[in-house]
Amino acid sequence: MAISRWQALGLLGLGATALSLTISGRLDAQQRPRPGASPGGRIAPDRAEAMEIVRALQDLAGAVEREQARLRAQAGQVERPEKVVTPPSLTAEQLDAMVRSALGGTEPAPVADDETFLRRLWLDLVDAPPTPEQIQAFKADDDPGKRARMIDLLLDDDRFAASRARYWRDVIRYRATFEQPRLVNFPQLESWLAEQFRKNRPWDEIATDLIAGTGPTTEAGNVSFAAAHLDGRQGVSAPEFAGEVSRIFLGVQIQCAQCHDHPTDPWTRTQFHEFAAFFAGTQGRRVGRPQDPDYHLEIVSPPRVPRYGMPDLDDPSQSIPVAPKFFLDASAEPLPAGLTVPQRRELAASYVTGQDNPWFSRAFVNRVWYDLMGDAFYLPIDDLGPDRDPVAPEVIATLADQWQQGGYDIRWLYRTILNTEAYQRQSASSASASGRTPFASNCPSRLRADQIADALDRALGLFPSGPRRAGSSGPQAPRPARFGPRFFLDQLFGVDPSTPADEVLGTIPQALFLMNSPLLERAIARPRGTLDRILAEHPNNPEALEAVYLQVLARSPSAEEQRLCLEYLTDVGDRREGFQDVMWALINSAEFISRR
């Protein structure tokens, strides 16, 4: 039994030197007087036998260390395919042709007018509507290439990077299981993401840093993803983290197989825990004290071989050892037992993002398509997988494969989709064939909280500092003012971006805020505010009405809207009061909080 105990210590990394010191201590103890022995009396040990035990244990420790070194070397020999970048050849026109073929004869909706296109594009790429001046300049431009130019302009704008950073921050934030946001540091995650999108880093590199990153949450924003799933034992919960890696980056809900085989998909409980074993041993260390201003977490991947076990259903107090294995590779074998914590995480990232895995590219393309089109190939957008049948399978297969082979260039993907007629089509009622057929029109969707905040700011000048931007990094990265207007709007209108659009419904508090908020009332009635400026610049009511519509809805009023509004202004008599009411009505319209 003594030998097995020392062997266990050796397997935990206790080396020969430590073992020798431990044995020496035991020998010294044997030579101390036992209780009841006469003063100066000693019990002489069998020195030859004792030294033989020491040598045997030293040999055992050396053998254990050599075995661990062999396993680590073997683990280091796990080979993954190198990334090969082939410039994509797919054009927007070719993508349109595939979409038309998928419509099955349904006549698509016509292309949207300039005002509709411009507002949709600005909201989709920079979260805010265009200014009235930008709308008028765009409408006056008769160059047929102006839409493509505007797409390029906005994709290169830092606000596009900030918008994507907020989106992916929320994808992670809304499913976080560690409920201490100060330690997770989502503002730093947002700043880090903005910098990656600004540089147009390939998506596989961004994902790898999120999956395998280490460092303090005050400096390395990518580690906030792992920190968001810390458990109560100062470690990152391997099952929780594995489930989110699979859902976000693969679109596969394998977490449903954590306690039992998946009820509807082929994933088994063993496959889930084999994937979770990739993330075993990752630690989250608290640095400082809660009362310290720089109190934070540090995510660490110790260079040791972790142990991971799947709970035994027959005896929950016991666990069954599980080696890491990627569940989407049917030919994969369990990986070497000697993989260290950082090796496991890096290999997991390689399996997830590798060009031999089609689901990584499909998951991202499906999300982007849904965000831009209001409809997706797979719904829900984070529930893909081999047993799911997509809408228009040829379209997503071709687009995802081209994007993958091209090295996961994010701006190329956006540019290709945005330049299609499919994206630029009008929205259509579900009563029409084009409104009922996927991708025959652009589906309306409710704005996210950040978009609503920026739309209110554009309409009313709500925030003196102007639209928020992300991107600065380090401990001094700006954080949203606690209980400030933006924080309040995020709490009121915020929703998980992975939630299907038909499940995102307006609430009574949201409606009451838009109808009765003192914040909005003050902004509308503010002396020398946005409305006063419009009325001063346009003494003619029809011109002022045009300016108000452009300011709030980014379009001109229809003939019927103009007639009704001008009649109301005449009835009210007080010009300023009447226009305040018109502005209130536009802000409370469904159009204001939607992208169409």
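How high is the relative contact order of the chain, in percent, with contacts defined as C-alpha pairs under 8 Å that are six or more residues apart?
Numbers: 890 pairs, mean separation 103.1, N = 596.
Rounded, it is 17 percent for the chain.
Could you check the spin-label model distance between Asp156 and Ala559? Points 7 Å from the Cα along Cα→Cβ, value in nm.
4.2
For Lys139, list the aspartates and glutamates whose Cα falls under 20 Å from its own Cα; do not include residues on the same chain fewer than 8 positions away.
Within the straight-line limit of under 20 Å, Lys139 reaches these aspartates and glutamates: Asp113, Asp114, Glu115, Asp124, Asp152, Glu421, Glu543, Glu546.
Place a label point 7 angstrom from the Cα of Thr570 along the Cα-to-Cβ direction, then list the residues of the range 511-553 whose backbone nitrogen is under 18 Å away.
540-546
Working out 0.36 nm times the residue gap between Arg411 and Ala148, then minus their Cα-Cα distance, what length gain in nm do you get to one decimal?
Numbers: separation 263, 0.36 × 263 = 94.68 nm, distance 1.31 nm.
Contour length minus Cα-Cα distance gives 93.4 nm.
Multiplying the sequence separation of Gln58 and Val504 by 0.36 nm and subtracting their Cα-Cα distance, what value in nm do you get? Write out the running numbers ahead of the final one.
Details: separation 446, 0.36 × 446 = 160.56 nm, distance 6.50 nm.
Stretched fully, the Gln58-Val504 segment lengthens by 154.1 nm.
Within the chain, what's the longest run with no GluC sites (Glu not before Pro) in a DSSP loop and at most 11 other beta-carbon atoms within 10 Å? Give the range, please. Walk me through the intermediate numbers first.
Numbers: sites that count: Glu79, Glu82, Glu179.
So the longest stretch without any such site is 180-596.
Please compute the net charge surrounding His296, taking Lys and Arg as +1 and Asp and Glu as -1 over other residues with Cβ under 12 Å from its Cβ. Numbers along the way, then the final one.
On the way: positive: Arg182, Arg285, Arg286, Arg289; negative: Glu219, Asp292, Asp294, Glu298.
It works out to a net charge of 0.
When the C-alpha atoms of the range 176-353 are aligned to their principal axes, what extent does each axis show, in angstrom, from largest down?
Extents along the principal axes, in whole Å: 47, 38, 32.
Taking one equal scatterer on every alpha-carbon of the chain, how large is log10 of I(q)/I(0) by Debye at q = 0.05, 0.07, 0.08, 0.11 1/Å?
-0.31, -0.54, -0.67, -1.10
Relative to a virtual label point 7 Å from the Cα of Phe463 in the Cα→beta-carbon direction, which members of the range 527-549 show backbone nitrogen distances below 20 Å?
529-531
Summing -39500 (n - 2.57) over the DSSP H runs of n ≥ 4 in the chain and dividing by its residue number, what mean residue ellipticity at 222 nm do you reach, to the nearest 500 deg cm²/dmol? Let's see the in-between values first.
Values: 28 runs with 311 residues, N = 596.
Mean residue ellipticity at 222 nm (helix-derived): -16000 deg cm²/dmol.
Any idea how far apart Glu333 and Ala525 come out in nm if each label point goes 7 Å out from Cα toward Cβ?
7.7
Work out the FRET efficiency for His260 and Asp532 from their Cβ-Cβ distance, taking R0 = 41 Å, and round it to the nearest 0.05.
Working: r = 64 Å, r/R0 = 1.56.
Given R0 = 41 Å and the Cβ-Cβ separation, E is 0.05.
Give me the aspartates and glutamates in straight-line cross-link reach of Lys199: C-alpha distance below 12 Å, same-chain residues under 8 apart excluded.
Lys199 reaches Asp156, Asp157, Asp158, Asp409.
Pop the C-beta distance of Leu512 and Arg436 into the FRET formula with R0 = 35 Å and round what comes out to the nearest 0.05.
Working: r = 34 Å, r/R0 = 0.96.
Step by step, r from the Cβ atoms, then E = 0.55.
Over the heavy atoms of Val84, what accessible area does a 1.4 Å probe trace out, to the nearest 10 Å²?
90
Which distance in nm do the two modelled labels at Asn540 and Asp387 give, with both placed 7 Å along the Cα-to-Cβ direction?
6.6
Could you work out the relative contact order of the range 449-595, using alpha carbon pairs under 8 angstrom and six or more residues apart, expressed as a whole percent? Walk me through the numbers before you get to the answer.
On the way: 100 pairs, mean separation 35.9, N = 147.
Relative contact order comes out at 24 percent.
Using a cut-off of 26 Å between alpha-carbon atoms, which lysines can reach Lys325, once sequence neighbours fewer than 8 places away in the same chain are excluded?
Hits, sequence-local ones excluded: Lys83.
What FRET efficiency, computed as 1/(1 + (r/R0)^6) with R0 = 41 Å and r the Cβ-Cβ distance, is obtained for Thr131 and Ser89, rounded to the nearest 0.05? Could the numbers behind the result be given before it?
On the way: r = 37 Å, r/R0 = 0.91.
Working from the Cβ atoms, E equals 0.65.
Return, ordered by residue number, the residues of the range 308-341 whose backbone nitrogen is under 19 Å from a label point located 7 Å along Cα→Cβ of Arg269.
The answer is 308-325, 327, whose backbone nitrogens lie closer than 19 Å to the label point.
From largest accessible area down, sort Val305, Val126; use a 1.4 Å probe on the protein chains. Don't skip to the answer; put the middle values down first.
On the way: Val305 45, Val126 5 Å².
If we order Val305, Val126 from most to least accessible, we get Val305, Val126.
The values are calculated or read from the model by the stated rules, or taken from the named source; none is laboratory data. Treat the numbers as computed from the prediction; the structure is a model and nothing was measured. Note: ideal-geometry Cβ built from the backbone for every residue, glycine included; neighbour counts use all protein chains shown. Please note that ligands, DNA and RNA were not included when accessible areas were found on the heavy atoms of the full protein model with its side chains. Shrake-Rupley method; radii C 1.70, N 1.55, O 1.52, S 1.80 Å.
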